[in-house]
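See structure below.
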Amino acid sequence: MRTAQRVLNVIFVSPSNLKFSFLVLVLSIACNNDDDPASNNGIPTIISLTPDQGRAGETISVKGNNFTIYPQDNQFFFNGIRAQVYVGIQEELLVQVPLEASTGPVSLLVPGFDTIRGPEFTVQTTETTTSTTFYYSSGVEISRATFNELGEASIENLFFENGSGLSLSALEVDEMDRKIYIINNQPSVPAVYTFDIDSAVLDTLYDNTDPAFMLSTRSEPQVLRRITLDLEERQLYVTDASGRIIRGSMDGTQTLEVLYEDGIGINTSPLGIGVVLGNEYVYWCEFSSRRVLRMPRLNPSTPQVLYDASDGLIRPSDLVIDESRNQLIIVDDPLVQDGENIDRIILASLDGTQELQTLFEGDGDVVANPQFGVALDVSNNILYWAGRSAAGADDFLLVRSDLTQDSPRPDILADQNEITGFSHFTIVVTEQSSNGRLRARLEASQRMSN
């Protein structure tokens, strides 16, 4: 503005040089605009969406100018519904389409500026009848069951090795790389294997020769309990019966490290463990000490107790994480009390600030039994778990519930006549699984870096 004023003075003082002075004015203003390297005077703008249509849970690239480099400072909205921003640089954001989003314009709110409007994004409807595949183990076997929209199961055995001394239990699947990660829970011979789905080859990643898997000073038998994958960091987490959380790499090259040990010992183990993708914490529950905790996953430190017996927990045994709604889904397994089975599935917040809320409670017909697994179809918001028809019964039930309903109810998807002998399972729901969403996000991030 000062430069423009000086030029105007020249115009009035030297009218004979009006043409030259006007040229100086234009050049001065242009030079002032060039001082802003991001253009548009530093005002954030949204230029394009790639793609400009998609389903809830998918990751899209937002091109523009003057975004902040801190993802949390870019408040991005799909037709008024706030989205999660994963990556932020000045010219591009990676954002996830929220589950509640509807077709309409996108917008951006950056500190210090008014709301910035952008183009329209079309939300495609997700069909809940998509094919659902369960991978499960039964000691010496690895199998998968695929259900069609009618709930009819097709069973395929992927691996069988009898007489090997294996006791294959908890497993996780990286479907994009076509690999299953599975643990051996035979006492004192802990091991983590990878199974290549296409070649049907079982390879050892870690075994009882690794220092972290050796017997503890308490001389307790080493028994692995759970495994989960962090696809973003390419790491795996396992828990054992001594109450420890141990981390390694998905290719076996990283030395195993003990992240946590509860200090109490056997039967206080964190039976369930889940890693929140896009959140900097690892969450787990402890059975006997009746606690749910979390700890930073990249820089492990003193864990934070989110819930304990004072909040009403009885025997938390397993959990899954619904990141899109900032919720923990916890299986509380008190067995029979006063002649009644009150196993229950409860909701909690990721930061421990909300009171526990009962979602389902066992009534003798459908009982949650976390020994056999619990899983969440993130995009469709359908919860799956395995249980028994009554306490102590030998029959297995595979149960699901649509959490989008106002009053969700459990529905039996299959029983032991349709799926025989499974003891642990994980769920993959085509490209709509959490693995698929993460893979899309990582591929988009890699395109940005290139």
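Is it the case that Gln72 is loosely packed, with under 15 Cβ neighbours inside 10 Å and within 26 Å of Asn381 (Cα to Cα)? Lay out the reasoning, then the answer.
On the way: loosely packed, with under 15 Cβ neighbours inside 10 Å: yes; within 26 Å of Asn381 (Cα to Cα): yes.
So Gln72 passes the test.
Checking Arg55 against (1) under 27 Å from Ser107 (Cα atoms); (2) modelled with pLDDT under 80, which single condition isn't satisfied?
Here Arg55 meets the rest and fails (2).
For the condition among the aromatic types (Phe, Trp, Tyr) and either touching a helix residue (DSSP H, G or I) at 6+ places or on another chain (Cβ under 8 Å) or not in a strand (DSSP E or B) (or both), what is the one hit in Phe76, Phe113? Outline the logic, then answer.
Numbers: Phe76 fails: either touching a helix residue (DSSP H, G or I) at 6+ places or on another chain (Cβ under 8 Å) or not in a strand (DSSP E or B) (or both).
Criteria check complete, one pass: Phe113.
Scanning for something within 30 Å of Phe160 (Cβ to Cβ) and at pLDDT below 80, does segment 377-384 turn up at least one residue?
Yes: segment 377-384 contains one or more residues that are within 30 Å of Phe160 (Cβ to Cβ) and at pLDDT below 80.
Can you tell me which residue is farthest from the chain's Cα centre (by Cα) among those in segment 335-359 that are at pLDDT below 85 and surrounded by 17 or more Cβ atoms within 10 Å (Cβ to Cβ)? Steps first, please.
First, pick out the residues of segment 335-359 that are at pLDDT below 85: 335-344.
From what's left, surrounded by 17 or more Cβ atoms within 10 Å (Cβ to Cβ): 341-344.
Working: Asn341: 31, Ile342: 28, Asp343: 25, Arg344: 22 Å.
It comes out as Asn341.
Hey, could you check segment 282-329 for residues that are polar (S, T, N, Q) and out of contact with any strand residue (DSSP E or B) (no Cβ under 7 Å at 6 or more places or on another chain) and say which is modelled with the highest pLDDT?
Ser310
Of everything in segment 205-251 that's in a loop (DSSP other than H, G, I, E, B) and under 20 Å from Glu280 (Cα atoms), which residue is modelled with the lowest pLDDT?
Step one: filter segment 205-251 for residues in a loop (DSSP other than H, G, I, E, B), giving 207-210, 214-223, 231-234, 241-243, 250-251.
Narrowing further to those that are under 20 Å from Glu280 (Cα atoms): 231-234, 250.
On the way: Leu231: 81, Glu232: 78, Glu233: 85, Arg234: 90, Met250: 95.
Here the residue is Glu232.
Please specify each residue of segment 82-110 satisfying the condition of being under 15 Å from Thr59 (Cα atoms) and assigned to a strand (DSSP E or B).
Arg82, Gln84, Val85, Tyr86, Val87, Gly88, Glu92, Leu93, Leu94, Val95, Gln96, Val106
The values are calculated or read from the model by the stated rules, or taken from the named source; none is laboratory data. No experiment lies behind these values; they were computed from the predicted model shown. Cβ: placed from backbone, ideal geometry, glycine included. Neighbour counts: every protein chain shown.
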